[in-house]
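Below: one structure in structure tokens.
The values are calculated or read from the model by the stated rules, or taken from the named source; none is laboratory data. Being a predicted model, the structure only gives us computed values, none of them experimental. Note that we place each Cβ from the backbone using ideal geometry, even for glycine, and neighbour counts take in every protein chain shown.
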Ligand SMILES: Cc1ncc(COP(=O)(O)O)c(C=O)c1O
């Protein structure tokens, strides 16, 4: 048996008719940029997150970049983020001219460690960016308490956590502004690149709308130097067809995760993802921790199981950030995570047999 890391073919069959009809409608109207479907999707996605405004943009990276731009972050400023995340979380800070300031991750959640947050704050800190890694919300109460004490806005990087919640409140509504990616492999994925900024703050909404559209305030009237970063109407058609199914698909992921956990519960040498009572994990990624990870990875591949590492190098040790002068040992939890994490196949329509096969291979290999 071969088990791919991802397989969205069944998902596609579920939405195919609606998507093809929607594509036809958009093509007939010829309204390919910020068309009616895009406006409707922005509203639907903001409603889903429980916030007032949605701004469709062309990627999760741009969502973060424009959100920071809307907060006025720029040269000379600092933005705090966890070091164990995807590099886009830091790149968007660098694009603004600000400096990314890393903090260590926390063992229990793999997310930003709130205990390490306060010591990273300086007079230059202009934003705090927690990441809801793998689909598990960060410790938002503790993070927000520090942010409020210092009057610093919180930007959620929710690129991996569509539909998860923290103490009953949806991710996307927990900070000043939140950013989602619709990269095709995400919980809510387009048929290409896409992203969305969501916020309750009118000032952020208005500035982000301007920034994504050449800084435009009238047809050829430009208030600021903006960008071209809009969500295509055709992508909005795909996302609008998928959105009503997101909760069902997340529940399928949660069920798959429960089967994995049951199957691997007593296996020595495997650390399973933590379940925390106060938040919902949507398992965009199902990452276990193992010793000798690279050997386990090879063994799984030999058995036909698609496995990946998210992520093998924490950002403070990436060459791209050598200028910050960090060394091994600076953020020990993140470094250990990077050495041990292994992402197992996870997608809503996995069969029980596929999960059983992955588990038996993992037990064999270990
Ligand atoms: C945590 C995180 N932030 C940001 C991004 C960037 O999103 P995009 O690929 O849509 O630019 C990703 C995408 O993988 C991500 O995982």
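So which residues in the range 40-68 are within 15 Å of the ligand (Cβ to nearest atom), in contact with a helix residue (DSSP H, G or I) (Cβ under 6 Å, 6 or more places away or on another chain) and either more than 17 Å from residue 207 (Cα to Cα) or assigned to a helix (DSSP H, G or I) (or both), if there are any at all?
61, 64, 65, 66, 68
Residue 338 - would you say it is assigned to a helix (DSSP H, G or I), under 29 Å from residue 116 (Cα atoms), within 18 Å of the chain's Cα centre (by Cα) and assigned by TED's automatic domain parsing to the domain that holds residue 253?
Yes.
Going by the conditions given, is residue 144 assigned by TED's automatic domain parsing to the domain that holds residue 93, in contact with a helix residue (DSSP H, G or I) (Cβ under 8 Å, 6 or more places away or on another chain) and away from the ligand (no atom under 15 Å from the Cβ)?
The answer is no for residue 144.
Name every residue in the range 127-141 that is surrounded by fewer than 24 Cβ atoms within 10 Å (Cβ to Cβ) and in a loop (DSSP other than H, G, I, E, B), in order of residue number.
139
Let me ask another. When the range 110-126 is examined, which residues are found to be part of a loop (DSSP other than H, G, I, E, B) and under 22 Å from the mean Cα position of the chain (by Cα)?
Selection gives 110, 111, 113.
Keeping to the range 176-193, report how many residues are part of a loop (DSSP other than H, G, I, E, B) and in contact with a strand residue (DSSP E or B) (Cβ under 7 Å, 6 or more places away or on another chain).
2
Would the range 212-226 turn up any residue that is modelled with pLDDT under 95 and either touching a strand residue (DSSP E or B) at 6+ places or on another chain (Cβ under 6 Å) or not in a loop (DSSP other than H, G, I, E, B) (or both)?
Yes: one or more hits.
Results for (1) within 23 Å of residue 181 (Cα to Cα); (2) within 16 Å of the ligand (Cβ to nearest atom); (3) surrounded by fewer than 22 Cβ atoms within 10 Å (Cβ to Cβ), shown as yes or no for each residue.
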position	(1), (2), (3)
210	yes, no, yes
222	no, no, yes
241	yes, no, yes
246	yes, no, yes
250	yes, no, no
270	no, no, yes
277	no, no, yes
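Looking at the range 180-196 only, could you name the residues that are near the ligand (Cβ under 7 Å from one of its atoms) and closer than 13 Å to residue 208 by Cα?
Hit for the range 180-196 is 195, nothing else.
Residues of the range 165-179 being in contact (Cβ under 8 Å) with a residue 12 or more places away in the chain and either surrounded by fewer than 24 Cβ atoms within 10 Å (Cβ to Cβ) or in the same structural domain as residue 274 (by TED's automatic domain parsing) (or both), which ones?
Listed by number, the residues that qualify are 165, 166, 167, 169, 170, 173, 176.
Okay, moving on. Hey, can you tell me all the residues within the range 86-112 that are more than 12 Å from the ligand (Cβ to nearest atom) and closer than 15 Å to residue 74 by Cα?
Within the range 86-112, 94, 96, 97, 98, 99, 100, 101 meet the criteria.
Sticking with this one: Scanning for something in a helix (DSSP H, G or I) and either without any contact (Cβ under 8 Å) to a residue 12 or more places away in the chain or buried (at least 19 other Cβ atoms within 10 Å of the Cβ) (or both), does the range 74-85 turn up at least one residue?
No: the range 74-85 contains no residue that is in a helix (DSSP H, G or I) and either without any contact (Cβ under 8 Å) to a residue 12 or more places away in the chain or buried (at least 19 other Cβ atoms within 10 Å of the Cβ) (or both).
Quick check: anything in the range 197-205 closer than 22 Å to residue 40 by Cβ, in contact with a strand residue (DSSP E or B) (Cβ under 7 Å, 6 or more places away or on another chain), outside any helix (DSSP H, G or I) and within 16 Å of the ligand (Cβ to nearest atom)?
Yes: one or more hits.
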